[in-house]
Amino acid sequence: MSGTTIASPGGLGRQQIADRLAQAFEDGWIVNLGVGMPTLCSNTPIGDRGIIYHAENGVIGYGGVLADGEEDLHLVNAGGQHVSLNPGAAIVNHADSFAIIRSGRIDVTVLGIYEVAANGDFANWKVAGAKGGGIGGAMDLAACAKRVFVILEHTTRDGKPRLLRQCALPVTARGVVTLVATNLGLFEPAGEAFRLREIAPGVTVEQIRAATGAEVIVAENLQVIQVLTG
């Protein structure tokens with residue numbers, strides 16, 4: 001089905017997808033947020049959980065993205081967005097930031113990607129037809145983080161599936177993805193298929209299967225995602 005064009009239902013908005021992933025973060029975790037949609041996770045209310053957000057550029061313990069006029073022009077996350085600092089935050093050297101990654105201290109990394117395979121492979125550094133790409137820190141994070149969560153739109157702009165049986169693009173890392181969040185639901189790679197754990201409001205299982213390039217297994221206790229933001 002990977003070459004098929006499907007009209008994907010809308011489902012969740014980008015912040016809502018990030019909200020659902022952020023709900024999975026546990027108290028005390030150090031959470032690396034990659035460039036793009038992952039940075040939206042820092043906007044999600046986390047209650048009394050002690051989450052430390054880590055950015056590759058060395059900002060450790062940051063908070064939400066700030067609105068225009070509220071920002072410190074010298075303080076940005078890995079995506080260049082102006083962010084706030086939480087109590088106890090630190091600014092460290094880029095090399096020290098990667099030492100945190102490579103020493104295995106990251107509990108979960110959240111990465112924006114192009115494709116994910118049912119066996120946990122993912123691709124996020126090069127698109128089809130491009131002469132080059134940008135791997136960034138994704139390879140280090142995939143190899144060293146305790147968990148890899150990925151966040152993406154379920155289909156491309158022209159309606160092709162991004163959740164596939166096998167990645168068609170050059171693979172960043174193999175077999176590492178533990179959780180997949182899209183506008184249609186929350187999934188786990190299950191080898192030959194994706195397990196649908198939670199479904200977006202207003203979306204059907206049939207719509208998800210039609211928009212996915214691999215088999216979809218429905219969890220016995222399938223839940224509807226609880227939306228935090230409008």
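The values are calculated or read from the model by the stated rules, or taken from the named source; none is laboratory data. Small disclaimer: the values here were computed from a predicted structure and weren't measured. Don't worry about glycine lacking a Cβ; one is built from the backbone with ideal geometry, like all the others, and counts go over all protein chains shown.
Key figures
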read-out	value
Condition check for LEU21: in contact with a Cys (Cβ under 7 Å, 6 or more places away or on another chain), at pLDDT 95 or above and under 18 Å from LEU228 (Cβ atoms)	yes
Residue identified as among the β-branched types (Val, Ile, Thr) and outside any loop (DSSP other than H, G, I, E, B) among VAL171, VAL116	VAL116
Near pairs, Cβ below 7 angstrom, 6+ apart or cross-chain, from the stretch 152-174 (in contact (Cβ under 8 Å) with a residue 12 or more places away in the chain and closer than 17 Å to PRO38 by Cβ) to any residue that is small (Gly, Ala, Ser) and part of a strand (DSSP E or B)	LEU152/GLY112; THR172/ALA123
Single unsatisfied condition, MET139 versus (1) in a strand (DSSP E or B); (2) exposed (fewer than 15 other Cβ atoms within 10 Å of the Cβ)	(1)
Subset of the stretch 60-97 that is without any contact (Cβ under 8 Å) to a residue 40 or more places away in the chain and under 17 Å from ASP140 (Cβ atoms) - its residue that is surrounded by the most Cβ atoms within 10 Å (Cβ to Cβ)	VAL92
